[in-house]
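Trainee: One structure, pasted below without further comment.
No lab work stands behind these numbers, since they all come straight from the coordinates. Source: prediction; values computed, not measured. Note that we place each Cβ from the backbone using ideal geometry, even for glycine, and neighbour counts take in every protein chain shown.
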Amino acid sequence: MINDKVIVALDVNTLKEEERLLDILSPEVQIFKIGMELFYSCGPKAIELVKKYDKDIFLDLKFHDIPNTVYSASKAAVRFGVYMFNVHASGGADMMKKAVEAAEEESEKLGISRPKILGVTVLTSIDGEALKKSGVNKSPEEQVLNLAKLSKDAGLDGVVASPEEIIAIRKNIGRDFLIVAPGVRPAGSEIGDQKRVAAPKEAFERGADYIVIGRPITKAKNPIKALKTII
């Protein structure tokens, strides 16, 4: 059965490598994440390639700009036909509202379902000390919850948040709000530059709707075996 809860991050920089991973993983995975590395290296062709496999796309470009610019970028994301995309919640309520407005307008114009829009809260590479240095006098959990509430009020469908904050989000915002959790690492794997992490099972038990995993699967000698070990 195809897994539609584990989003595999295609963190590569060539179409050849992307295609290799899609050949291996597409029989088992429904959603693939295209981030900055792949998109800025290969452009829209990276999206077109995933669609050839009839798979869904999480476009992870983290829009963060003035509302009018994000409005235009969000329309473009809709035209790409992605399943979900994200914006930085720290860009503010007005910016997020414009993203929703643009997505709704463009989706209606094209006669398609609107992509899910997620607010990026606090990157998993940031800890309490890093937040303070950036002028935020809140713990990561407090800031994530603050931005999650802002995202909800702005009309977003959910947030991107580390596994450490999932319980707090569910307690304060409820079930009717998507949580996509990066910073997920199987036991024994390297955490790299991520600081707020958890194992896949823990993330789901805490209430994640989706988890995002890249290197532990894509860099494995046997990606399918790695995927099945994780789930």
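Trainee: So if I take the centroid of the Cα atoms in region 60-96 and the same for region 27-55, what is the distance between those two points in Å?
Mentor: That distance is 18 Å.
Trainee: May I pose another question? Given springs between every Cα pair under 10 Å in a Gaussian network model of the chain, which of GLY128, GLY214, GLY35 has the largest fluctuation?
Mentor: Greatest mean-square fluctuation among the candidates belongs to GLY128.
Trainee: In addition: In what order do PHE80, PHE58, PHE204 fall by count of nearby beta-carbon atoms within 10 Å, going from fewest to most?
Mentor: PHE80, PHE204, PHE58
Trainee: So, in Å, what gap is there between the alpha-carbon centers of region 209-231 and region 113-146?
Mentor: 25
Trainee: Compute the orientation-averaged projected area for region 3-230 from the convex hull of its Cα atoms and round it to one decimal in nm².
Mentor: 11.9
Trainee: Shifting gears a bit: I need the phi-derived Karplus couplings for region 163-169: 6.51 cos²θ - 1.76 cosθ + 1.60, θ = phi - 60°, integer Hz, Gly and Pro marked x.
Mentor: So the Karplus estimates, Gly and Pro as x, are x, 5, 9, 4, 4, 5, 5 Hz.
Trainee: Over the alpha-carbon set of region 1-75, divide Rg by the Kirkwood Rh and report the Rg/Rh ratio to two decimals.
Mentor: Taking Rh as the inverse mean 1/r over Cα pairs, Rg/Rh reads 1.01.
Trainee: Among ILE34, ALA154, GLY111, pick out the residue whose Cα is farthest towards the positive end of the charge dipole of region 3-230, where Lys and Arg carry +1 and Asp and Glu carry -1 on C-beta, about the Cα centre.
Mentor: In region 3-230, that residue is ILE34.
Trainee: What ³J(HN,Hα) values, in whole Hz, does the Karplus curve 6.51 cos²θ - 1.76 cosθ + 1.60 give for region 80-92 when θ = phi - 60°, with x put for Gly and Pro?
Mentor: Once rounded to whole Hz, the list reads 5, x, 7, 7, 8, 9, 10, 9, 6, 4, 5, x, x.
Trainee: Report, in debye and to the nearest 20, how large the dipole of the chain comes out about its Cα centre when Lys and Arg carry +1 and Asp and Glu carry -1 on their Cβ.
Mentor: With only Lys, Arg, Asp and Glu charged at Cβ, the dipole is about 340 debye.
Trainee: May I pose another question? Could you derive backbone 3J(HN,Hα) for region 199-216 from the dihedral phi with the Karplus parameters 6.51, -1.76 and 1.60 (θ = phi - 60°), listing whole Hz in sequence and x where the residue is Gly or Pro?
Mentor: 6, x, 4, 4, 4, 5, 4, 6, x, 5, 7, 9, 10, 10, 9, x, 3, x
Trainee: With springs only between Cα atoms under 10 Å, which of VAL160, VAL12, VAL184 fluctuates most in a Gaussian network model of the chain?
Mentor: VAL12
Trainee: Around SER162, which amide H atoms from residues at least 5 apart in sequence, or from another chain, sit under 5 Å from its own amide H, with H modelled in the peptide plane?
Mentor: VAL122
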